[in-house]
Structure formats: C-alpha cells, structure tokens
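The values are calculated or read from the model by the stated rules, or taken from the named source; none is laboratory data. Remember, it's a predicted structure, so these values are computed and weren't measured experimentally. Neighbour counts run over all protein chains shown; Cβ positions are idealised from the backbone, glycine included.
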Amino acid sequence: MPSFEVATPGKRYFAKVERGILEKVSYYLPETPGKLFIVTTEDVWRLHGARLARTLARPHSIIFFRGGELNKRLFAVEEMAEQMVACGADRRSLVLAFGGGIVGDMAGFLAASFMRGIPVVQVPTTLLAQVDASIGGKTGVNLVSGKNLFGAFHQPEAVLIDPEVLTTLQDREYRAGLYEVIKCGVIASPRLFEIMFRHSEDVLAKTPAVVDEMISECVRIKAEVVTADEREGGLRRILNFGHTIGHALEAETNYTRFLHGEAVAFGMAAIVQLALLTGDLSASSASDVLKTILQYGPIPSLEDISSERLAMRLAQDKKTVLGQVHFVMPQRIGSVKVVSGVDEQLVLSAIRAALG
Ligand code: GLY
C-alpha cells in the first residue's frame, strides 16, 4: 500500500495508507524512552481501541477528550496537559492522536505546546481526517471569536491511515469527508473527480478498492502541496477551495448545525456559482461539480440562512488580508487559482444561487 513523503524545512515524515496498519502502529512510533499518551474520544476507543492497544508494548496512558467543535478550546488542552503531568509525562513523552479532525487538531496542539513541544503521531479515524486534517501539521483550537484562531504548525512524526476503520464510520461523517475528496479532485486531480462524479455507488458503498484509491490520491496531493508550501504562503491556499464561504456558514450557525465537510460542500457550490458568473469556469464543468456535490448530500437545511449575513462574515475570515477576501476559483476540473478583489455584488449573487 502507498506511502507518501511530506518534506518540510523542519521535518520529513511519511503518510502511509494501509489496511490493518492500526495493528502495526507500535512499529512506526519513534524510539523515545518516554511514555506514550493516546488522545482519543470514548467513541473511537470503544470501536477501535482494542486493536490499537493490543500492539502497544510500551507504557501508555489514555487521555479522553469529550469531542465536538464546541469543546475544541484552550481549556480542554489545559485539562489534558494536567492529566499528562499527573500520569508522569515529561519532555521525552510522545502523543498519539487517535480520532477525527478535531482530535487531531487538539492532540497536535497539546503536543506542540507541552513542555514547549513533544512529538506527535497522527492516526486518523474519520475520512475527513484521513484525506486532509491529519497531514500538514496544522494544529489548534477555536476562540469565541472564530474557528482555529489559536494554534501552531507542528508536523507529526508519521501519519498512519487505516481505511478499514471507516467501515464503522457513521454515514453522515463519511459523506462529510467525501466533500473534501471532491475538493481534492477539483483542485488537482481530474482522475479523482471522475471517480467521485461517475462512481458514487461504489464510493457510498465504501467499496475497498475505491476507498483506498480516493484516500491515496488525496494524501498524495496533500503531501505534495505541504512539501511545496508548509506555511500557506502560496500553493497551500488551494486547499481552501470552498472553505472561505464554508467557514462563514459554520460561524453563522454557531458551529452546531453543519459538519466541517458539509459547510465546505456549500462553500464549493457557492464558489462554482461565482466562477460561472465571472466566466472562470465553463457551464458544463460547473454543472458536473454541482451534480457531484449533490449526489453525496443532503446537507442540513439552509432555509433560514441569510446571504447578506454570510457575505458580511467573509470580511471577518482569518484569511482575509487587508480587507481583501481571497477565493480559490476553479478554472477547470483539476486546476484553480487564488483571486481577490471580486465584486461584492457578484459574491452575493453566487451565495444566493447556492442557497437555492
Ligand atoms: N485543511 C487545509 C490545510 O491543511 O491547509
């Protein structure tokens, strides 16, 4: 099974995609004399903990996180750090992030800050975390004023991806991850887009060959992008396709109605409408992307969402630079460019069209 190298100025590591790798995790842990701390949720541990624990010969403690976007806050990191100290953690300790994107962000940030930084290994258990969040070293928590506003880049020692764990993933969580796969197809892989467009039955049935191909292609793209631009100074911004308007939708609904991937689905639909209005994308490609998004739906209701309020929130996005909102605009399937200075009335019209 494939293995993809991520090479950043500070660290080189592999993201491995392999069925059954959960039972070989100990083989890939760095040799440190310190104790291992597994950060996870009770749900993930109940489903998959036994398979992981069976292979761990070294001393370890399990730190449970309550889960959920609303708990992804600094106080929860502090609580976990206190638990680590109580269980004998020191500078030589190692964190293993075992869960979805929120667990990965929290555990990564815990590792980035505990005693000024200890290593972390990412073992993602949701599709969204496997194809995106676990790779690239973005870690952090939410502030009251916005999502992921407090954090650090902290690259993992390794990312170990076992597609087998997706068999127990809830349907809604799985579909939320599929939108990030569509994103990868639109930004960089016509082949991946074709799979998502034409083989939705296999994708939704979690046919192993298709799932493995989807994950591997996304990990390949993410590894290449992060290797080229760790700190999002340029190329990495393409990974935000659909995210600017998606983040506005998440904030507008207080992070409680939409899963991140679902908000990205809406954001992608809105940007495709915008690209149609600006003439950046052909009508037939736009129609293919919109159809592909729809076939993995539905997402929660958009009925009470105000287009004006969403447009206002764009100005508050953390990626807005000097008041200029940046959008990742599709040019054709597999190619996007980052633009700013788009006419506000066009943005409003595109959001209205996506709201339907
Ligand atoms: N999820 C976008 C990135 O890692 O840059």
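Here are the numbers:
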item	result
Matching residues, the stretch 244-264, being without any contact (Cβ under 8 Å) to a residue 40 or more places away in the chain and within 16 Å of the ligand (Cβ to nearest atom)	G246, A263
Count of the stretch 219-243 residues which are crowded, with 24+ Cβ neighbours inside 10 Å and under 19 Å from A315 (Cα atoms)	2
Which listed residue, of G49, G101, is more than 28 Å from L143 (Cβ to Cβ), out of contact with any Gly (no Cβ under 8 Å at 6 or more places or on another chain) and modelled with pLDDT of 95 or more	G49
Tally, over the stretch 129-165, of residues that are under 16 Å from A111 (Cα atoms) and away from the ligand (no atom under 13 Å from the Cβ)	5
Scope the stretch 28-42; condition over 21 Å from V17 (Cβ atoms) and surrounded by fewer than 15 Cβ atoms within 10 Å (Cβ to Cβ); matching residues	E31, P33, E42
Those helices (runs of 4 or more DSSP H) lying entirely in the stretch 202-311 with at least 2 residues farther than 20 Å from V328 by Cβ and touching a Pro at 6+ places or on another chain (Cβ under 8 Å)	208-228
Answer from E224, E230, E217, E201 - the residue that is away from the ligand (no atom under 12 Å from the Cβ), in contact with a Ser or Thr (Cβ under 7 Å, 6 or more places away or on another chain) and modelled with pLDDT of 95 or more	E217
Pick from the stretch 176-218, criterion of a type in the set (S, T, Y) and closer than 22 Å to V123 by Cα, ranking: surrounded by the fewest Cβ atoms within 10 Å (Cβ to Cβ)	T207
Residue match in the stretch 284-303 (condition: closer than 24 Å to S134 by Cα, within 16 Å of the ligand (Cβ to nearest atom) and crowded, with 23+ Cβ neighbours inside 10 Å)	no
Of all residues making up the stretch 328-343, the number that are surrounded by 12 or more Cβ atoms within 10 Å (Cβ to Cβ), of a type outside the set (A, V, I, L, M) and at pLDDT below 95	1
Every pair of residues 6+ apart whose Cβ atoms lie under 7 Å, when the first sits in the stretch 202-223 and is under 16 Å from D162 (Cβ atoms) while the second is at pLDDT below 95 and away from the ligand (no atom under 16 Å from the Cβ)	S216/P2
Strands (runs of 3 or more DSSP E) contained entirely in the stretch 99-175, each with at least 1 residues that are buried (at least 24 other Cβ atoms within 10 Å of the Cβ) and free of Cβ contacts under 8 Å to residues at least 60 places away in the same chain	120-124, 138-143
Test: residue in the stretch 89-100 that is farther than 17 Å from F114 by Cβ and of a type in the set (F, W, Y)	no
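Residue by residue, here is whether (1) closer than 25 Å to A86 by Cα; (2) under 12 Å from the mean Cα position of the chain (by Cα); (3) aliphatic (A, V, I, L, M) holds:
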| position | (1), (2), (3) |
| --- | --- |
| G108 | yes, no, no |
| M115 | yes, no, yes |
| L128 | no, yes, yes |
| S134 | no, yes, no |
| K138 | no, yes, no |
| Q155 | no, no, no |
| A158 | no, no, yes |
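Residues checked against (1) out of contact with any Gly (no Cβ under 7 Å at 6 or more places or on another chain); (2) buried (at least 16 other Cβ atoms within 10 Å of the Cβ); (3) in a helix (DSSP H, G or I); (4) without any contact (Cβ under 8 Å) to a residue 12 or more places away in the chain:
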site: L56; (1), (2), (3), (4): yes, no, no, no
site: R66; (1), (2), (3), (4): yes, no, no, no
site: E82; (1), (2), (3), (4): yes, no, yes, yes
site: L96; (1), (2), (3), (4): yes, yes, no, no
